[in-house]
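> This is the structure I want to talk about, given as structure tokens.
The values are calculated or read from the model by the stated rules, or taken from the named source; none is laboratory data. Keep in mind that what you see is a predicted model, and the values were worked out from it rather than measured. In this analysis, Cβ positions are derived from the backbone assuming ideal geometry, glycine residues included, and neighbour counts consider all displayed protein chains. SASA here: full protein model, heavy atoms, side chains in, ligands and nucleic acids out. Shrake-Rupley method; radii C 1.70, N 1.55, O 1.52, S 1.80 Å.
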Amino acid sequence: MNQFDGISPILVIGSGSAGRRHALALRELAPNSKITLIKRSPGQQPLEEIHKSNIQISSELDESLNENPMAVVIASPATKHLEDAEHVFPHCKNVLIEKPLSHSASAADQLVKLAVLHSASVMVGYHLRFSETQIRLLELKTSLDLGSVVSAQFGYGQHLSLWRPSIDPKNSVTARSDLGGGVLLELSHEIDAVDFLIGKIVSVQSSELGFHGAPTDGLVETIADFRLIVENGVEVIIHLDMTDLNPWRIWRINFENGMLEADLLKGQIFATLGNTPRKLVHQSNLTERKTAALDQGYAFLSNVQSHNIDVRSLRQGAFVAEVIEVVHQTFLLGQPIPIVARNS
């Protein structure tokens with residue numbers, strides 16, 4: 001018997017790309033467990049792998065919740081996360097919520113309070129925290145003789161039409177404000193990575209948002225440029241872009257004695273030590289994305305198995321939602337705004 005087959009049934013809410021990714025990872029980790037995927041969208045989605053993997057598809061959430069699943073993944077649009085959590089927590093205390101935690105800071109705060117009320121253990125789905133490149137970048141940051149961090153730049157660019165080629169980009173979650181779209185929510189990995197790699201964000205110093213250049217509803221931001229200050233005084237600049245036809249994702253950390261630069265699309269990390277030439281110091285496995293999904297699923301099911309209640313991931317997800325809201329406020333007011341201290 002597989003290690004996690006005793007965790008059954010498992011429910012995944014949402015049949016979009018994130019929901020399918022979670023369902024397939026959980027199937028590989030628990031090959032004999034009953035797994036049900038809730039499909040609400042009437043549109044066409046690539047579900048061939050789901051069918052081949054013996055994952056049931058249902059449109060009846062209440063019926064599936066009445067089976068009292070042992071683990072639930074909420075991978076619905078961000079605007080539905082709080083509502084779905086309200087339905088799930090009375091039936092299941094072990095929940096993974098796909099990033100972002102919610103579409104607003106207030107909804108994220110309500111979700112934290114609801115989880116605490118139900119003594120639920122919630123993991124937020126920032127799968128890049130499990131990626132080989134990001135983990136190795138953190139290791140190199142501390143193992144190489146680079147000195148203190150002095151600044152950092154994090155950026156991601158990819159045209160919306162390239163994100164989910166199997167569906168009309170105008171109907172995607174990313175393109176619609178009513179589903180929690182826009183680059184800040186959809187690409188919030190970069191904000192989470194600042195906390196993971198640099199330190200706690202204490203203020204947003206400046207922000208510029210654009211709303212054109214991609215087939216959206218015209219209400220979501222398509223480009224975001226903002227400047228953050230971390231608790232140790234380090235400045236971090238983030239650029240997020242869904243209008244760039246040449247996909248790229250580069251994270252650069254500048255130190256007193258050199259620099260680390262990660263190309264996350266290629267899984268490569270380069271180092272510059274003092275006056276030495278830039279050098280490739282790490283190449284991630286080509287299966288990195290799948291491995292990260294499996295490792296995240298493994299961590300989630302391990303928490304389910306041990307009945308471990310840990311609210312740190314949940315509170316960090318709420319903190320990212322707060323940062324995003326302050327980025328919007330800084331853009332509207334044109335002045336620096338501090339970030340309220342995260343709950344602890």
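> Pairs K200/K266; K113/K141; K141/K170: which are spaced more than 29 Å apart, C-alpha to C-alpha?
Table pairs above 29 Å Cα-Cα are K113/K141; K141/K170.
> Mind checking which lysines have their Cα closer than 29 Å to the Cα of K34? Skip sequence neighbours fewer than 8 apart in that chain.
K52, K80, K93, K99, K290
> While we're on this one: For the chain, what is the relative contact order in percent, using Cα pairs closer than 8 Å and at least 6 residues apart in sequence? Write out the running numbers ahead of the final one.
Details: 731 pairs, mean separation 65.9, N = 344.
It rounds to 19 percent for the chain.
> Here is a further query. Local charge sum around H328 (other residues, Cβ-Cβ under 12 Å, Lys/Arg +1, Asp/Glu -1)?
Numbers: positive: none; negative: E208, E221, E322, E325.
Residues close to H328 contribute a combined charge of -4.
> So what is the 222 nm mean residue ellipticity for the chain from helices alone, if each DSSP H run of at least 4 adds -39500 (n - 2.57) and you divide by all residues, rounding to the nearest 500 deg cm²/dmol?
Working: 11 runs with 114 residues, N = 344.
Taking each H run of at least 4 residues, the total per residue is -10000 deg cm²/dmol.
> I've got another one for you. How much accessible area per residue does the chain have, in Å², with a 1.4 Å probe?
Numbers: 15070 Å² over 344 residues.
Per residue, the chain has 44 Å² of solvent-accessible surface.
> Please give me the summed charge of the neighbours of N66: other residues whose Cβ is under 15 Å from its Cβ, Lys and Arg +1, Asp and Glu -1.
Working: positive: K34; negative: E60, D62, E63, E67.
So the surrounding residues net to -3.
> Can you tell me the relative contact order of segment 266-344? Whole percent, Cα pairs under 8 Å, sequence separation 6 or more.
Working: 42 pairs, mean separation 14.3, N = 79.
Answer for segment 266-344 is 18 percent.
> Follow-up question, since we're still on this one. Taking amide H atoms as placed 1.01 Å from N in the peptide plane, list the residues 5 or more away in sequence, or in a different chain, whose amide H sits under 5 Å from that of Q268.
Under 5 Å from the amide H of Q268: D263, S284.
> Round to a whole number: what % of the accessible area of the chain belongs to carbon and sulfur, probe 1.4 Å? Write out the running numbers ahead of the final one.
Values: 7760 of 15070 Å².
For the chain, the apolar C and S fraction of the accessible surface comes to 52 percent.
> How do the peptides 44-53, 326-335 rank, highest first, by the average count of neighbouring beta carbon atoms within 10 Å per residue? Mind showing how you got there, number by number?
Numbers: 44-53: 13.2, 326-335: 16.1.
Highest mean packing first, the order is 326-335, 44-53.
> Still on this structure: Say we join alpha carbon atoms closer than 10 Å with springs in a Gaussian network model of the chain; which of H127, H307, H189 then has the biggest fluctuation?
H307
> If we count every other residue with Cβ under 15 angstrom of I7's Cβ, Lys/Arg +1 and Asp/Glu -1, where does the sum land? Don't skip to the answer; put the middle values down first.
Details: positive: R27, K34, K93; negative: D5, E28, E67.
Residues near I7 contribute 0 overall.
> Separate question: What is the spin-label model distance, in nm, from N232 to E48 if the labels are put 7 Å beyond Cα along the C-beta direction?
Going from the N232 label point to the E48 one covers 4.8 nm.
> If you don't mind, another one. Using only the Cα atoms of the chain, what semi-axes does the equivalent ellipsoid have when each is the square root of 5 times a gyration tensor eigenvalue? Give whole Å, largest first. Intermediate values should be presented prior to the final figure.
Values: eigenvalues 209, 104, 85 Å².
Values for the chain, descending: 32, 23, 21 Å.
> Compute the relative contact order of segment 176-224 as a whole-number percentage, counting only Cα pairs closer than 8 Å that sit 6 or more residues apart in sequence. Present the calculation step by step, with values, prior to reporting the outcome.
Working: 43 pairs, mean separation 22.8, N = 49.
Taking the mean separation of contacting Cα pairs over the length of segment 176-224, I get 47 percent.
> For segment 128-205, what does the equivalent ellipsoid look like in terms of its semi-axes, each the square root of 5 times an eigenvalue of the Cα gyration tensor, given largest first in whole Å? All intermediate terms of the calculation are to be shown ahead of the outcome.
Details: eigenvalues 190, 46, 19 Å².
Those come to 31, 15, 10 Å.
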